[in-house]
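The following block contains the structure, expressed as structure tokens.
The values are calculated or read from the model by the stated rules, or taken from the named source; none is laboratory data. Not measured: the values here are computed from a predicted model. Cβ sites come from the backbone with ideal geometry, for glycine too, and all protein chains shown count toward neighbours. In case anyone asks, the SASA skips ligands and DNA or RNA and just uses the protein heavy atoms, side chains included. Shrake-Rupley method; radii C 1.70, N 1.55, O 1.52, S 1.80 Å.
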Amino acid sequence: MKTKTDKEEEVTMMDVYKEFNEKIAESHKILQFKSRKVDATTHLIFQEYLEVVYPANQPMVPSDLQVEVFSHVFGTNTSALEHLLWGLAGWTCLLVQSRAFTRPSHMAWPFDFNAASSRYLSTKLERMDTEQPLPGFFLAKLDPDLIMGHDFMAMGWHRMNVNKIPQWSKLGRLRRANIQTKKGRTFNLEKNVMCGRLVCDVKISAKELIRSRSYDLGALCENVLHVKEEEQAEVTIDEVKRLYGASQSLLQLISCTMQDAAYIIRLMCELNMMPLALQITNIAGNVMSQTLMGGRSERNEFLLLHAFTEKNFIVSDK
């Protein structure tokens, strides 16, 4: 090591430690930290370094930090999640289902619906008079580890946004008031809204596991489950309005919706989506929620991060 002075004085590891402890930690209000000397390689140069770790809730050291006894700091842009994943992997999951529904705002309920539903359906139905309490019911009643569906994230968030649901962040496990935006637009919607939960969108997973002319639910049912197109109930918006006109037709609509949910579960099981996602997660060394959202480039990045760490290299900043 060399100093930044003209004297070219030899710098010891104790000098580096004192610089960090007495000046940097104090000026950046880092109240506690641990450090050790390590032998590592960066940019194909083998050197000694001072490794410093401290809790993620304390201030970050600037990446361009330069002082008298050293000229560069590595790893300031590394997230706490990346640090965690270098040594940890593995998940468990729980499947939770619920049935709740509402009606079009300009239509009334069929007068005999309660009696008809109790006679013909064994499933308990929760009826909401308007759309607004529907997401609130879901958020209040359930705390699932795994949420699954088909191409549902954007629409689900859109309806919550339209209805101005105040506690939208309960969709995930990170409590926030506002969703993150970039230049006025939301980004990484799934990771923002559902943060902390496993989200299995069978459309996304199917794109990585099979080849199909289409990844719509009907096409996947035909190709994977061998359910013929004429056996699947396709309901248009105009038909939905008509089906709300009588109890029997409304029960038919509810049965079709429940059938689609069953198809989604069967697709997940038939393609082994969760076991394969777990295997990919263990191989790549990332987290399962990210694996389920796709993103091969991100998985490749984690593979490289682990490889660099195993070789005792210092990972270059992004």
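Give the calculated FRET efficiency between Ile237 and His158 to the nearest 0.05, with a Förster radius of 25 Å applied to their Cβ-Cβ distance.
My answer for the efficiency is 0.95.
Could you work out how much longer the chain between Thr130 and Trp109 gets when fully extended? Use 0.36 nm per residue separation minus the Cα distance between them, nm to one decimal. Spell out each step's value before the answer.
Working: separation 21, 0.36 × 21 = 7.56 nm, distance 1.13 nm.
Result: 6.4 nm gained on full extension.
Let me ask something else. What are the ³J(HN,Hα) couplings of region 154-161, residue after residue, when phi is run through the Karplus curve with 6.51, -1.76, 1.60 and θ = phi - 60°? Round to Hz, x for glycine and proline.
4, 5, x, 5, 4, 5, 5, 5
Over the heavy atoms of Trp157, what accessible area does a 1.4 Å probe trace out, to the nearest 10 Å²?
40
Run the 1.4 Å probe and let me know the accessible area of Arg176, rounded to the nearest 10 Å².
50
Also: Probe radius 1.4 Å, ligands and nucleic acids left out: which of Lys207, Lys170 has the largest accessible area, and how do the rest follow? Numbers along the way, then the final one.
Details: Lys207 115, Lys170 70 Å².
If we order Lys207, Lys170 from most to least accessible, we get Lys207, Lys170.
Simple spin-label model, 7 Å along Cα-to-Cβ: Thr123 to Glu208 in nm?
For the pair Thr123/Glu208, the computed spacing is 2.8 nm.
Okay, next question. List every residue whose amide H lies under 5 Å from the amide H of Met148, counting only residues 5 or more places away in sequence or on a different chain, with H placed 1.01 Å from N in the peptide plane.
Under 5 Å from the amide H of Met148: Cys200.
With every protein chain left in place, what is the accessible area per residue of region 207-318 in square angstrom, probe 1.4 Å? Spell out each step's value before the answer.
On the way: 6540 Å² over 112 residues.
In whole numbers, region 207-318 has 58 Å² accessible per residue.
Please work out the C-alpha center-to-center distance from region 242-303 to region 46-72 and express it in whole Å.
Value for the Cα centre distance between the two parts: 43 Å.
For labels at Asp151 and Arg176 in the simple 7 Å Cα→Cβ model, what's the distance in nm?
Taking the two extended label points, one gets 2.6 nm.
Using a 1.4 angstrom probe and counting only protein chains, how large is the accessible area of Asp15 in Å², to 10?
60
In terms of modelled amide H atoms, which long-range or inter-chain residues lie less than 5 Å from the amide H of Val73?
Leu65
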